[in-house]
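Here is the structure we will look at, set down as structure tokens.
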Amino acid sequence: MAKTTSPRKPRTTRLRPDSAKASSGSGAAGPLRRGSGAAGPLRQGSGAAGTKAASPRLPKAIQAVVEAAQARKATGVVVLDLKKAGAFTDYFVICSGGNPRQVQAIADSVEEALKAQKQRPSLVEGYARAEWVLLDYFDFVVHVFSKHARDFYALDRLWGNATRIEFPDED
């Protein structure tokens, strides 16, 4: 595995101004109640599945990732908020594709959407094999899995203490 040349700073040295936090969300749709049929994310706290919570305030870049993945028919789109979990990044965006070509198309769509926002990944891994494509944007990491690889690695369950925001599959 090749090493990246960009050094990572410890999480404790990075400061965010309060005004940037407040303006980072653009008011995503409210939470999805089971059986309501409403579009929007379902937010689950750590351990309390299906609990009603305030609408998630996701940064614009994360919203763009979710929209780009859903535009390419990604399934099982989940955002894990890792800020309180003591992780090396703030968010994981996890989704799946049905075959290698779709996995690559989802990864390409995410890169294009974020390139429009002048963001480029610091690292891309696994694109050629298209079993698990990792796009590292430092503040968040996008994981695009094949269905088999997602079941095998179970990354969703590995970060069980993170706040989980699920997005329904689009038909």
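Read-outs throughout are calculated quantities, based only on the coordinates presented, and are distinct from any laboratory measurement. This one's a predicted model, so the numbers in the text were calculated from it and none came from an experiment. Note that each Cβ is placed from the backbone with ideal geometry, even for glycine, and that neighbours are counted across all protein chains shown.
Computed values, structure above
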read-out: Karplus-derived 3J(HN,Hα), 6.51/-1.76/1.60, for each residue of segment 73-86, Hz, glycine and proline x; value: 6, 5, 10, x, 6, 9, 10, 9, 8, 9, 4, 8, 8, x
read-out: Leading residue at positive end of dipole, segment 104-171 (Cβ point charges), from Leu155, Phe138, Ala116; value: Phe138
read-out: In Hz, Karplus ³J(HN,Hα) per residue of segment 140-151 (6.51, -1.76, 1.60; θ = phi - 60°; x = Gly, Pro); value: 8, 10, 9, 10, 10, 10, 6, 4, 5, 5, 5, 5
